[in-house]
Amino acid sequence: MKNEYKIFRHNWVLTDKLLVGEAPQKKHNINLLKKYNIKSILCLCDEKEFPLNDEILKSFKFTRIVLPDHKNNRSITFFEIKKSLITLIDFLKNGKVYIHCFAGLERSPLICMGYLMYAKNLTLIESLEYL
């Protein structure tokens, strides 16, 4: 199988509102996000993990908030979580949002859990079970 047709891991957290997944590194990933009518992308990767391309800047409102993952020697701070949540909430006012980290398994689900706790009044355990 050619790498360009690798499965693009993504899932709706809230149907037609909040989509979470891996970095959209291929043209067909970006085209799928357009098809879903995504308006904004919140990237939680650093520039080395996910270099930004012109197509994303032309097609979506984009913000990068770099959060550490398991390979870093530090934990995510409360300030970083709060900044990510504020950005996500702001983006959701303008339409569908795609939030991603590199693999869509650590940082982006964490921020989605925080959003579920805030917006849906779920407990930590309930948000984890939901996600």
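Build a GNM of the chain with springs between Cα atoms under 10 Å: which of PRO51, PRO24, PRO109 gets the top mean-square fluctuation?
PRO51
Express the carbon and sulfur contribution to the solvent-accessible surface of the chain as a percent, rounded to the nearest whole number, probe 1.4 angstrom.
Of all accessible area on the chain, carbon and sulfur atoms account for 56 percent.
May I ask you to list the residues of segment 84-102 whose amide nitrogen lies under 13 Å from a point 7 Å from Cα along the Cα→beta-carbon direction of ASN72?
84, 101-102
Can you give the charge dipole size of segment 22-131 about its Cα centre, rounded to the nearest 20 debye, using +1 on the beta carbon of Lys and Arg and -1 on the beta carbon of Asp and Glu?
Values: 17 positive and 12 negative charges, 87 e Å.
Here segment 22-131 has a charge dipole of around 420 debye.
Going down the table (LYS27/LYS58; LYS48/LYS82; LYS35/LYS83; LYS6/LYS26; LYS58/LYS83), which pairs top 19 Å between alpha carbons? List each step's numbers first, then the result.
Numbers: LYS27/LYS58 13 Å; LYS48/LYS82 23 Å; LYS35/LYS83 28 Å; LYS6/LYS26 9 Å; LYS58/LYS83 24 Å.
Violating the 19 Å limit, Cα to Cα: LYS48/LYS82; LYS35/LYS83; LYS58/LYS83.
Please compute, over every Cα-Cα pair in the chain, the percentage with a separation greater than 27 angstrom.
Percentage above 27 Å: 14.
Only sites in a loop by DSSP and with at most 13 other Cβ atoms within 10 Å count here; which GluC sites (Glu not before Pro) in segment 22-51 make the cut?
The qualifying sites are GLU47.
Just to be sure I understand the model, the point goes 7 Å from the Cα along the line to the Cβ. What's the resulting LYS82 to GLU47 distance in nm?
2.8
Averaged per residue, what accessible area in Å² does the chain show with a 1.4 Å probe, protein chains only?
Value for the chain: 60 Å² per residue.
Quick one: work out the % antiparallel among DSSP beta bridges in the chain, nearest 5.
Just about 25 percent of them are antiparallel.
Below 8 Å between Cα atoms, with a sequence gap of 6+, how large is the relative contact order for the chain in percent?
With pairs under 8 Å counted, the relative contact order is 32 percent.
The values are calculated or read from the model by the stated rules, or taken from the named source; none is laboratory data. None of the values given here were measured: they were computed from a predicted structure. With ideal geometry, Cβ positions are generated from the backbone for all residues, glycine too; neighbour counts draw on all protein chains shown. Quick note on the areas: whole protein, heavy atoms, side chains included, nothing else; ligands and nucleic acids left out. Shrake-Rupley method; radii C 1.70, N 1.55, O 1.52, S 1.80 Å.
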